[in-house]
Amino acid sequence: MIKNSENITAKRLTFIQNHPLYLSADRRLQELEETRVFCRHQMNHLLDVARIAYILNLEMKLGISRDLIYAAALLHDIGKGRQYEEGIPHETASADLAEQILADMPAKLAFTSEEQQQILTAIRGHRRLRCDAEPLEALLYKSDKMSRACFACPAESQ
């Protein structure tokens, strides 16, 4: 039997993944990265980031909720296609898309406004670590970097 909190987590993540903006941005990103020789920004990367972040969260006893970690991880690269096509830094584009997706969540699933701000701050800060980074922001930054096995990449020399 699934506990209520696990059920809400699953529903929140399903909502994010099925949101029309998410689906559209993800579809376009997959098209744009189809011939990319470097790592792509596919679901396996997003889930690796989430899992690493959650493990680090537990190890460091940060107390950040699984929902916040997984939501931030699923949304952190969703604006990458806009970076390719419009030159908008993907952390900015991702935060813009994430803000709309989070705002569209039904009340029974919605994150609080404080939680939404934590997620958006983490997305905006996942590329460069600020000296005064918030806990989720620093966690997303670190786990995003740890998720890449560049040392074993055939394109590493490039």
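The values are calculated or read from the model by the stated rules, or taken from the named source; none is laboratory data. This structure is a prediction, so every number in the text was calculated from the model and none was measured. Methodologically, a virtual Cβ is constructed for each residue, glycine included, from the backbone with ideal geometry; neighbour enumeration extends over all protein chains shown. Please note that ligands, DNA and RNA were not included when accessible areas were found on the heavy atoms of the full protein model with its side chains. Shrake-Rupley method; radii C 1.70, N 1.55, O 1.52, S 1.80 Å.
Shown are Ser65, Ser113, Ser147, Ser94, whose ranking by accessible area with a 1.4 Å probe and every protein chain present, most to least, is Ser113, Ser65, Ser147, Ser94. Take the chain with all the other protein chains still there, run a 1.4 Å probe, and you get 56 Å² of accessible area per residue. Quick one: Debye curve from the C-alpha atoms of the range 97-147, no solvent, what's log10 I(q)/I(0) at q = 0.17, 0.20, 0.25, 0.29 Å⁻¹? The calculated log intensity ratios at q = 0.17, 0.20, 0.25, 0.29 Å⁻¹ are -0.54, -0.68, -0.89, -1.03. For the chain, carbon and sulfur atoms together expose 53% of the accessible surface, with a 1.4 angstrom probe and every protein chain in place. Counting heavy atoms of the protein chains alone, Asp96 has an accessible area of about 70 Å² for a 1.4 Å probe. Mind giving me the FRET efficiency for Gln117 and Arg28? R0 is 30 Å, r the Cβ-Cβ distance, nearest 0.05 is fine. About 0.65, to the nearest 0.05. Under the rule a/c < 1.5 gives rounded, and otherwise a/b versus b/c splits prolate from oblate, where does the range 56-158 land using the Cα gyration tensor? Taking the square roots of the gyration eigenvalues as a ≥ b ≥ c, the range 56-158 is oblate. Full extension of the segment from Arg127 to Thr35, taken as 0.36 nm per residue of separation minus the current Cα-Cα distance, would add 30.8 nm. Can you give me the solvent accessible area of Tyr70 with a 1.4 Å probe, rounded to the nearest 10 Å²? Ignoring ligands and nucleic acids, Tyr70 comes out at about 40 Å². Solvent-accessible area of Leu56, all protein chains in place: 20 Å² (probe radius 1.4 Å, heavy atoms, ligands and nucleic acids excluded). For the options Lys80, Lys142, Lys61, a Gaussian network treatment of the chain with springs between C-alpha atoms closer than 10 Å singles out Lys61 as fluctuating the most. Placing +1 on the Cβ of every Lys and Arg and -1 on the Cβ of every Asp and Glu, with no other charges, gives the chain a dipole of roughly 340 debye about its Cα centre.
Dimensions of the range 1-119 along the principal axes, based on C-alpha atoms and rounded to the nearest Å, stand at 41, 31, 27, largest first. Between the alpha-carbon centers of the range 112-143 and the range 8-85, tell me the distance in whole angstrom. So the two Cα centres are separated by 14 Å. Spin-label model, Leu21 to Arg51: label points 7 Å out along the Cα-to-beta-carbon direction sit 2.9 nm apart.
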